[in-house]
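Below: one structure, written as structure tokens.
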């Protein structure tokens, strides 16, 4: 094939190399990430120039192109060397690079400028192979970009450029034979690919061993370490894995004698062919610092360049063995504690196999049944139980124990060795092995003979107490009925006493008008006798006029007096009828209040107490006037008796209508008030502070009962010592239909 046929390949290679050089320069200029980018960029640009000038020189033989090609190749090699120097962590001087370029150019020129000269081609190709191959290795192993994708792209492009760089110097001679350049480029390419693969595999192996939790070491038979990971170096006491390389395994920080003994045992196993398959050794090795290590070593043999070697995986079992020892100690301690608890249990413990035969029991169970320990072994559980309990226990085992692993607490009977049955409380548990298979039953048994005796005694005691309570209840009910009858009698007596007081007051009030009427009637009778005498003696006009005037004046006085007496009698009659009959009717509230105050007038005047009433007119109620009068009279009487204690006082009786169907009656006095401790008890029956001095303790209780019962309202009282008392009553205008008479 003629050389012209290679033009398209060279052109593509030059363009790719030139682009790669620009790309490296752009990366360096944009991020200043690595100075190696700058040198790689210069190297690839020089390579593109060298390829172009060299190819052109081969076509026309101009000496200037040969010189340019030589200069470019020299710069290419120096720049690659500088990039390698940067990657190895050393500095680079541009002046030094210039001298290196000139010197290399002189060396290449001394072999001949023409690339058709074999010596020049061989020298240049050898230099390119050495420098470019080393640079490619460093590039693939140490050069990193910010992202994995960018790094992969640059490395792929660099590989293509490397291949095409070799192709630049692979030409055909005049006879059509491939020159040494092509063969050299192919060898370099193969070596490069192999080195990359080896490096990647080694890197993967190193990372894998580095992250293993176990220690890994490879050594010769004499103990020389060929390879180890960081874990082995740490465990053996070396500074690092690199520091352990070439050292002997007996130089580890653990005890030399113990380690040498292990090495000897491994070598002996190797000599007898026992390490063809991995073999496990376990040892407890003391270290020089006084610690002891439990290690497990898995050893196998292999051949390293014709020599036998060993690889071992060491696992530090110290923590695991200590945990196992701690666990065994815990189990032993727990077992001993269980034995102590088992022996000191007050409740019985019995263990049976699946067939129900006793395999183990504690002293409490043996004493409960009157057997010795060996006498119970082998006995069937049913032999210790009355026959009537056998189907019950089988059902409990079938429906509870085998289903959920245990039974509920149940009561049954056991048979003592002497044949006597006794009650017991039992809970049965299922025992499983490590695979979850049922292997037996165990039960906790409690003798409840004493508890049953106590329960029977308690039952008999309760029965006796119930009889006593029943009899006592009957007595209390009778006493309550008697008390209620007495209370009703007292209430009726209170009513009659109230009426009696009102009658006495009305009688006293009637004395004045009736006495005036009688006096005037007597005066008129005397005047009549005088008038009749004057008629017999001769009636004069003046005498007639005087008689008629006296009769008229007397008649007026008699009329007024009898009218006042009639009003008093009418008021008393209405109040008395309402109080005695308790009949429901419609009435004007102001009339009832007025009649009540009228009836109480004599008592109030005698006690020097003034009542100020404020009741709206035409406030009509459908209720019980009698109980309402009783409430007002008791409240006023209570204020007179307890509030003023013989001194003049004032009572304000006020009626308001806060809601359309409700009225509010307030009875307030300016008396001595009530102590705070007595206030909650004022409505209790028979509670009075003047027992034996006119107080029965039922007045306010009757008020509370009538207000909250028959009248369907609410009552409250507020008072402080020295500030009087105020009673507030809220009543419906229409009393409840279902109210019962008190």
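So how do 415-421, 626-632, 437-443 stack up, highest first, on mean other-Cβ count within 10 Å? Before the final figure, lay out each step's value.
Working: 415-421: 11.4, 626-632: 25.1, 437-443: 16.0.
With the highest mean Cβ count within 10 Å placed first, the list reads 626-632, 437-443, 415-421.
Can you bin every Cα-Cα distance in region 371-495 into 5 Å intervals starting at zero and give me the percent of pairs per bin, rounded to whole numbers?
All Cα pairs, binned at 5 Å, distribute as 2, 8, 11, 13, 11, 9, 6, 5, 5, 5, 4, 4, 4, 4, 3, 2, 1, 1, 0 percent.
Counting other beta carbons within 10 Å of each Cβ, put 266, 78 in order, fewest first.
Numbers: 266 23, 78 26.
With the fewest neighbours first, 266, 78 line up as 266, 78.
For region 375-436, evaluate the Debye formula with one uniform point scatterer on each Cα (no solvent term) and list log10 I(q)/I(0) at q = 0.14, 0.23, 0.25, 0.28 Å⁻¹, rounded to two decimals.
-0.46, -1.04, -1.14, -1.24
What ranking do 608, 642, 44 get, fewest neighbouring Cβ atoms within 10 angstrom at the top? Mind showing how you got there, number by number?
Details: 608 12, 642 22, 44 27.
Lowest to highest Cβ neighbour count: 608, 642, 44.
Mind checking the full-extension length gain between residue 483 and residue 679? Use 0.36 nm per residue of separation minus the Cα-Cα distance, one decimal, nm.
Length gained between residue 483 and residue 679: 68.1 nm.
I want to verify the translational diffusion coefficient of region 583-732 in µm²/s; compute it with Stokes-Einstein, Rh as the Kirkwood radius over Cα pairs, at 37 °C and 0.692 mPa s.
Details: Rh = 15.7 Å.
Reported coefficient: 210 µm²/s.
Rounded to the nearest 0.05, what FRET efficiency is calculated for residue 390 and residue 357 with R0 set to 22 Å and r the Cβ-Cβ distance?
Working: r = 15 Å, r/R0 = 0.68.
Working from the Cβ atoms, E equals 0.90.
Could you please rank 520, 245, 47, placing first whichever residue has the fewest other Cβ atoms within 10 Å of its Cβ?
Starting with the residue having the fewest Cβ neighbours, the order is 245, 520, 47.
Return one quarter of the surface area of the convex hull spanned by the alpha-carbon atoms of region 330-445, equal to its mean projected area, in nm². Don't jump to the answer; show the numbers that get you there.
Working: hull surface 30.5 nm².
Average of the hull's projected areas for region 330-445 equals 7.6 nm².
Since every read-out is calculated from the coordinates, none of them should be taken as a lab result. Quantities reported herein were computed from a predicted structural model and do not represent experimental measurements. Don't worry about glycine lacking a Cβ; one is built from the backbone with ideal geometry, like all the others, and counts go over all protein chains shown.
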